[in-house]
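Here's a structure for you.
The values are calculated or read from the model by the stated rules, or taken from the named source; none is laboratory data. What you see is a predicted model; the values in this text were computed from it and never measured. All Cβ positions, even for glycine, are placed from backbone atoms using ideal geometry, and neighbour counts span all protein chains on display. Note: accessible area is taken over every heavy atom of the protein model, side chains too, but ligands, DNA and RNA are not part of it. Shrake-Rupley method; radii C 1.70, N 1.55, O 1.52, S 1.80 Å.
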Amino acid sequence: MDSDFFGQAFVYLIAAVLSVPIAKRLGLGSVLGYLIAGVIIGPFGLKLVGQEGADVMHFAEFGVVMMLFLVGLELQPDLLWRLRIPIVGLGGFHLLVTTSIVMAIGVLAGLSWKMALAIGLILPLSSTAIGVQTLNERGLMKTAGGQAAFSVLLFQAIAVIPILAFLPLLATDSSLSAALPSAILVSTEPASSGATLTGWQQTLMVIGTVGGIILAGKFLMRPIFRFIAATRLPEIFTATALLLVVGITLATQAAGLSPALGTFLAGVVLAESEYRHELMSNIEPFQGLLLGLFFISVGASIDFNLIMQQPLLILALVLGMAVIKSVVLVGLGQFFKLELLQGILFAFALVQGDEFAFVLFSFATQSHVLPAVTSGSLVAVVALSMMLSPLFMIAYEKFVQPRFAQRSPEREADEIDSNENAVIIAGFGRFGQIVGRLLMANGCSITVLDHSPDQIELLRRYGWKVFYGDASRIDLLHAAGAEQAKLLVVAIDEREKILQIVKQSRKHFPHLKIMARAIDRRHAYELIRRDVDIIQRETFGSALNMGVEALKLLGVRAYKAHRAALIFKQHDEEAMYDIAASEGDEAVVIARSRQLAEDLEQILQSDDRELIHDFDRAWDTSAPDR
Amino acid sequence: MSSHNSILVLFAHPVLEKSRINRSLLHSIHGLDAVTIHDLYEVYPDFHINVKREQELLVSHDIIVFQHPFYWYSSPALLKEWQDLVLEHGFAYGQEGVALQGRKLLSAITTGGSEPSYSRSGYNYFSLRELLTPFQQTAQLCGMEYLPPFVVHGTHQLRETQQIQQHAQDYQRAIVALRDNLIHWEKLQTCQYFNQALDQVIQPGVSHHG
């Protein structure tokens, strides 16, 4: 059993490790790489994976669940609000139009209207996993077409909730196919929990679960995370995050709902909380691996026997769906004033079927909406269409884009990821707060990270948006948007950790300007040697100001004291950089420091010796040359 | 005009500790009734001027004095900054900028160069009055009357304490006369400098010591 598990793990891992880099190198993208790997190791390829492939897929669906949780976390309610017009407009129209067309075709082909409607609701959905991954990988997410595609995917992610609630109502009792309202009421289905529920009860249950997730996410999870975070055990936090996702999965399954939706909702609710970035960085690696596994198992599960039985029908369905979707999407793009090029990108990013379709088709079969054979064929259609999307994207890059090259230079708006801010402040204690308040007062939006749950709780009560997390972890900085940010202000008060963060972010985010708080002079030297852009010694500014006030109380004119401090500061900072350059040797450093101190004294005092002010010279003779 | 004027002295010197003449001038009017000395470099060493407070000060005085050394044919930087910020549109000039109308502006200047140097044959070429026209026009635009300047030339050569004392006394006389409204205003406007013939422009008053 154990060796079997490791054997399986080995097969999946080596398939991924071999095929994905090759697919990427060939420009096919990682999704296609995974899918092909799945086909190769599957029952119709090398037969390394057999029946248990379905179990693996079931398990790997969890990757999709996690992905939806992450998508939810990315989507703060206000971003959702900003995208409301494309989401509702594009997404809504797309679903409406495509559903009508597919339903019409279904009815014409002789299906009952309920079956046709069920298929019409499920087939137009497009895979978020493939769409988002493909767009991101090619850097097309920020283009107008990419944004439109993302909006439609979002709408669908939300639309699945009512569709799921609605499907049981379409159940047709085989004996009462006349579809009387009473048929809906009496059609009884065993829900996965085994209880006997009517369609309406099931609908109520779905609504109850959704409400429960929202309320628990809003009021229950934050105190729990705060408690866990206070333990300062990162692995327990990760465990809690996983527990949350697994828990929601179980709860939603018990209610007969898609777990992906449950976690998506939980994600949106938690997107406002201070634990957003920490959760993202904890879940992301699991999500990535599981999603890969999911794509492999989709590849492995494509039933070539079923396809071979009716190859023309399946092929016609795959291509037919792609054509219908593309035409509708390009048309919608035109209607919503997208450029043609962007409209095509928009359409091509969405030609694939949705992983939800697997869930929905099996749900529809369970609910006796669709016969198992029909569902099986349609699942094969969806799986095959998933291989289409990467191919369409390649076609887009190779053939479509070059034609438009002269007409539309790169001038695409980037709105969608303005979700992340230009400035990240790590540490929001005495030091970081002042930096942050100044920036906020000047209309700069900032992302703040701190790792003290109590401090965060306090700051949140004052209306500050602070996120929990240890900024010395690269994945967390990543989740906080270091990729898009311009500035990183390291304002924590731990000497070693500051150095660590600086070193790590220099390496991983070379574009980022780094500003660091230096604990003292010695610390400043180390930061200078690490090439930090801006260094501020934490007590230097205030001590200098105190010195100015002291001079004033001793009778020195305010302006003279002010300038003396500026000269002192300039000289001291130059000396700091000077000494930092002469690393190491203590004796040299001390000698240098003494020399520099003497120089400074001389500069400041030489000023006083000029008793008579000479008109023809600048009135200030003390400022060193710049 | 009331029989008494309140006077605001806007004093600007970045290195007063090195200027005996300005210290003496300032000292001579220190503590006079109805005379407010506002030492700009002492109050705003970081050039962060409180515009509202400055405008309130202006409005509550009748005569404004700009006292400063003549640097590069103008005022020290802080006084220029002060003009740029405080003399706002809508306050000092423009359709609704009437806050300063009817007030008087006096420049009290010290120059390193001698009086002859401020002439066509001197190295400063222009007369001091010519060089002060920006201040004069500033006053006019604000609806203020620009008085002939109080000038101390050749401060390089002012070594004798006695000479300096004389200028300080003159300055005090001028300020007190302005305050007590003891000026022959028409006669004053014919003068090049306020302090070229103090006895002629100042009426013999009750007392010129506050």
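Is there a residue being out of contact with any Lys or Arg (no Cβ under 9 Å at 6 or more places or on another chain), among the acidic types (Asp, Glu), without any contact (Cβ under 8 Å) to a residue 12 or more places away in the chain and outside the structural domain of A:LEU370 (by TED's automatic domain parsing) anywhere in the range A:50-63?
yes
Mind listing whichever residues of the range A:451-479 are touching a residue at least 40 places away in the same chain (Cβ under 8 Å) and in a helix (DSSP H, G or I)?
A:PRO453, A:ASP454, A:ILE456, A:GLU457, A:ARG460, A:ASP475, A:LEU476, A:LEU477, A:HIS478, A:ALA479
Would you call B:SER117 within 14 Å of chain A (Cβ to nearest Cβ), among the polar types (S, T, N, Q), surrounded by fewer than 19 Cβ atoms within 10 Å (Cβ to Cβ) and more than 19 Å from the chain's Cα centre (by Cα)?
yes
Only residues in the range A:314-326 that are within 23 Å of A:VAL373 (Cβ to Cβ) count as the first member; pair them with residues that are small (Gly, Ala, Ser) and surrounded by fewer than 21 Cβ atoms within 10 Å (Cβ to Cβ), Cβ under 7 angstrom, at least 6 apart or cross-chain, and list the lot.
What qualifies is A:ILE314/A:SER377.
Out of A:LEU243, A:LEU215, A:LEU306, A:LEU312, I need the residue that is open to solvent by less than 60 Å² (accessible area, probe 1.4 Å), assigned to a helix (DSSP H, G or I) and of a type outside the set (Phe, Trp, Tyr). Which one?
Answer to the selection: A:LEU306.
Being open to solvent by less than 50 Å² (accessible area, probe 1.4 Å) and polar (S, T, N, Q) is the filter; apply it to the range A:127-149 and report the residue that is farthest from A:ALA60 (Cα to Cα).
Here the residue is A:THR143.
Would you check which residues across the range A:534-571 are among the hydroxyl-bearing types (Ser, Thr, Tyr) and surrounded by fewer than 17 Cβ atoms within 10 Å (Cβ to Cβ) and list them?
A:THR539, A:SER542
Test each condition in (1) under 19 Å from A:LEU384 (Cα atoms); (2) more than 26 Å from the chain's Cα centre (by Cα); (3) surrounded by fewer than 21 Cβ atoms within 10 Å (Cβ to Cβ) for A:LEU96 and report the one that comes out false.
Evaluating A:LEU96 over (1) under 19 Å from A:LEU384 (Cα atoms); (2) more than 26 Å from the chain's Cα centre (by Cα); (3) surrounded by fewer than 21 Cβ atoms within 10 Å (Cβ to Cβ) leaves (1) as the failure.
Turning to a different aspect of this structure: From (1) crowded, with 20+ Cβ neighbours inside 10 Å; (2) more than 30 Å from B:SER127 (Cβ to Cβ), pick out the condition that doesn't hold for B:HIS48.
All conditions pass for B:HIS48, except number (1).
So which residues in the range A:91-117 are outside any helix (DSSP H, G or I) and either aliphatic (A, V, I, L, M) or in contact (Cβ under 8 Å) with a residue 40 or more places away in the chain (or both)?
Matches in the range A:91-117: A:ALA109, A:LEU111, A:SER112.
Can you name the condition, by its number, that A:ILE474 falls short on among (1) among the aliphatic types (A, V, I, L, M); (2) surrounded by 19 or more Cβ atoms within 10 Å (Cβ to Cβ); (3) closer than 20 Å to A:GLU74 by Cα?
Of everything listed in (1) among the aliphatic types (A, V, I, L, M); (2) surrounded by 19 or more Cβ atoms within 10 Å (Cβ to Cβ); (3) closer than 20 Å to A:GLU74 by Cα, A:ILE474 misses just condition (2).
Another question about this same structure. Give me a count of the residues in the range B:1-37 that are more than 13 Å from every other protein chain (Cβ to nearest Cβ) and open to solvent by 10 Å² or more (accessible area, probe 1.4 Å).
Going through the range B:1-37 one residue at a time, the tally reaches 16.
Sticking with this one: For the range B:120-134, give me each residue that is closer than 22 Å to B:GLN189 by Cα and open to solvent by 10 Å² or more (accessible area, probe 1.4 Å).
B:PHE126, B:SER127, B:ARG129, B:GLU130, B:LEU131, B:THR133, B:PRO134
State whether the residues of the range A:610-617 include one that is more than 24 Å from B:ASP39 (Cα to Cα), open to solvent by 90 Å² or more (accessible area, probe 1.4 Å) and modelled with pLDDT under 80.
Within the range A:610-617 (the criterion being more than 24 Å from B:ASP39 (Cα to Cα), open to solvent by 90 Å² or more (accessible area, probe 1.4 Å) and modelled with pLDDT under 80), the answer is yes, since at least one residue qualifies.
Any idea which residue in the range B:73-102 is nearest to the other protein chains (Cβ to nearest Cβ), counting only those that are in contact with a strand residue (DSSP E or B) (Cβ under 7 Å, 6 or more places away or on another chain) and surrounded by fewer than 20 Cβ atoms within 10 Å (Cβ to Cβ)?
So the residue we want is B:LYS80.
All but one of (1) under 24 Å from B:ALA177 (Cβ atoms); (2) aliphatic (A, V, I, L, M); (3) within 14 Å of another protein chain (Cβ to nearest Cβ) hold for B:ILE64; which doesn't?
Failing condition for B:ILE64: (3).
Out of A:ALA426, A:ALA395, I need the residue that is assigned by TED's automatic domain parsing to the domain that holds A:GLY110 and modelled with pLDDT of 80 or more. Which one?
On inspection, the qualifying residue turns out to be A:ALA395.
Follow-up question, since we're still on this one. Looking at A:PRO86, A:PRO124, can you tell me which residue is open to solvent by 20 Å² or more (accessible area, probe 1.4 Å) and within 28 Å of the chain's Cα centre (by Cα)?
A:PRO86
Turning to a different aspect of this structure: Need at least 2 residues that are within 14 Å of chain B (Cβ to nearest Cβ) per element, so show me which helices (runs of 4 or more DSSP H) inside the range A:480-562 make the cut, counting only ones lying wholly within it.
So the answer is A:540-553.
Going residue by residue through the range B:173-188, is there one that turns out to be more than 12 Å from B:ILE63 (Cβ to Cβ) and of a type in the set (S, T, N, Q)?
Checking the range B:173-188: not a single residue is more than 12 Å from B:ILE63 (Cβ to Cβ) and of a type in the set (S, T, N, Q).
Tell me, please, whether a residue that is small (Gly, Ala, Ser), part of a loop (DSSP other than H, G, I, E, B) and either in contact with a Gly (Cβ under 8 Å, 6 or more places away or on another chain) or at pLDDT 80 or above (or both) can be found in the range A:567-579.
no
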